[in-house]
Amino acid sequence: MRSPSILFSLLLFSNPAFSADALPAGFQRLFNGRDLAGWVPVNVAANTFTVRDEMIVTSGIPTGYMRSEKMYENFVFECDWRHMKSGGNSGVFVWGDGIPAMGTGYTRGIEVQVLDHGFNIPGKNEWYTTNGDIFSIWGASMTPTGRVANRGSRSFPIEDRSNGSPEWNHYRITGNNGELRLEVNGKEVTVAKDCVPRKGFLCLESEGSECHFKNIVLKELPSSHTPPEQTANPYEGFVSLFDGVDFEGWRVPDGDNNHWKAKDGIIDYDAQSEAPGEKHLWTQKEFSNYSLILDWRIKEAPFQNPNVRQILPDGSDALDAEGKPVAITQPDADSGVLLNGSEKHQVNIWCWPIGSGEMYGVRRDNSLPAQVRAGVTPSQKADNPIGKWNRFEITVLKGKVTVVLNGKTVIKEVEIPNFPTKGPIGLQHHGSKKEGQWTSAPALMQYRNIFIKELHP
């Protein structure tokens with residue numbers, strides 16, 4: 001005799017019009033079949049997730065995700081899914097954060113793989129991935145069980161029960177006290193234990209190909225009182241400033257000629273804008289008080305700068321025995337985040353020994369008090385190596401600026417005289433070329449995951 005859960009799964013899977021009144025006790029619909037009410041697109045375009053014929057359709061472009069409005073701890077989650085091309089890739093993220101992990105389009109959490117079996121060429125599912133495997137991503141953790149991937153980090157299904165594109169499949173995912181159990185088309189095949197986080201958002205993934213979801217329902221189970229350190233970060237109040245595909249909401253310099261580029265979740269800049277005037281990239285909206293999260297990386301540093309200074313903790317240049325600034329020659333690239341419409345009030349990105357996060361224009365202004373110039377000098381170098389992603393968390397509140405770089409506070413609540421009360425946020429152009437050679441440090445940069453939370457003191 002089949003269990004009630006399997007009977008429910010089969011009924012839901014076979015009947016797209018299954019009414020809300022007929023749902024078993026405790027179940028609720030997470031998708032109403034008409035719109036995306038109850039869901040929040042995180043770092044994707046307006047047309048990445050849409051509704052058609054009572055289905056959620058993801059285009060797969062850009063890579064990213066859409067999350068539930070509410071965080072969940074213990075639950076039973078069910079959905080139907082299908083891919084529209086052989087080898088298509090998507091996923092259900094469980095217990096995810098409110099914004100992506102640094103340098104990627106995806107959240108920290110546990111992924112339940114949604115993969116068309118056309119991807120599984122002979123031998124592939126023995127060492128890399130397969131439909132129905134469960135694995136931790138981007139800083140989350142878990143203990144694989146059962147059939148474990150050769151790499152030792154994924155729980156693989158004990159049986160391949162998925163249907164190939166364009167046929168439908170049914171998932172039943174049970175999360176309880178940090179344990180995940182997956183049933184594919186009516187039979188349990190994969191288990192993962194000791195998951196951290198074990199409370200967070202449920203998410204649908206966009207990963208390069210069209211995928212459909214429908215009949216999305218959930219039943220909450222009793223709490224197991226997850227502690228804060230095992231709970232996802234909701235990043236409450238943060239909204240995206242970049243949709244990953246174009247510059248909607250930004251002002252591209254007139255005459256730029258496509259040197260500022262937006263593609264697949266990333267803003268790319270080659271420091272060669274052809275705009276005759278200002279070349280910075282600015283938001284269209286102006287901001288006053290806010291917390292800004294922004295990921296960045298220097299692609300390369302091709303310019304040999306002969307005038308890199310050693311900066312002391314008070315913000316002044318180190319001097320030699322003759323009283324001249326100590327200068328060294330090293331590879332350099334230079335950019336920054338411009339605050340409240342001001343080039344002077346920029347949070348610097350560069351290769352100097354003092355590290356990124358300093359406010360060059362403020363530090364070099366000798367008319368300002370010594371404590372201000374020292375305050376905008378980084379207390380430590382927190383940069384990752386060139387080519388690696390970094391994350392700024394910049395807070396502007398009533399003229400005070402705090403900068404956190406890669407989780408380390410490098411500038412703390414510095415009150416800056418005459419700080420602009422309101423203005424757009426900018427990504428800086430820097431660098432110039434002459435006869436094919438860089439004559440100043442170029443901003444060869446990439447940016448992604450730009451989120452802002454407006455503050456109302």
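In plain terms, the chain from LEU36 to GLN371 could stretch by 115.6 nm, reckoned as 0.36 nm per residue minus the Cα-Cα distance. Please label the shape of region 4-235 as rounded, prolate or oblate, based on the square roots a ≥ b ≥ c of the eigenvalues of the alpha-carbon gyration tensor (a/c under 1.5 means rounded; beyond that, a/b larger than b/c means prolate, else oblate). Rounded is the answer for region 4-235, as its axis ratio a/c remains below 1.5. Multiplying the residue separation of TRP168 and THR402 by 0.36 nm and removing their Cα-Cα distance gives an extension gain of 79.3 nm. When the trypsin sites (Lys or Arg not before Pro) in region 297-395 are filtered for DSSP coil states and for at most 13 other beta-carbon atoms within 10 Å of their beta-carbon, the remaining sites are LYS388. Stretching GLU159 away from GLU248 to a fully extended chain increases their span by 27.5 nm, per 0.36 nm per residue minus the current alpha-carbon distance. Applying 1/(1 + (r/R0)^6) with R0 = 41 Å to the Cβ-Cβ distance of ALA275 and THR409 gives a FRET efficiency near 0.70. Footprinting exposure proxy ranking of ARG82, ARG147, ARG251, fewest other C-beta atoms within 10 angstrom first, gives ARG251, ARG147, ARG82. For the cross-link pairs LYS70/LYS422; LYS381/LYS434; LYS324/LYS400; LYS199/LYS261; LYS85/LYS299; LYS193/LYS214, the ones whose C-alpha atoms lie over 29 Å apart are LYS70/LYS422; LYS381/LYS434; LYS324/LYS400; LYS199/LYS261; LYS85/LYS299. Is region 240-454 rounded, prolate or oblate when judged by the Cα gyration tensor, a ≥ b ≥ c being the square roots of its eigenvalues, rounded requiring a/c under 1.5 and prolate requiring a/b larger than b/c? Verdict is oblate for region 240-454. If you take the charge dipole of region 235-371 about its Cα centre, with +1 on Lys and Arg Cβ and -1 on Asp and Glu Cβ, which of VAL337, GLY265, TRP250 is farthest toward its positive end? Checking the options against the dipole of region 235-371, the answer is VAL337. A helix-only calculation puts the chain at -1000 deg cm²/dmol for mean residue ellipticity at 222 nm, using -39500 (n - 2.57) for each DSSP H run of at least four residues, averaged over all residues.
The angle between the Cα long axis of helix 4-14 and the longest principal axis of the Cα atoms of the chain comes to about 80 degrees, rounded to the nearest 10.
Values in this text are rule-based calculations from the coordinates and carry no lab data. Everything quoted here is computed from the prediction, not taken from an experiment. Glycine gets a Cβ as well: all are built from the backbone with ideal geometry, and neighbour counts include every protein chain shown.
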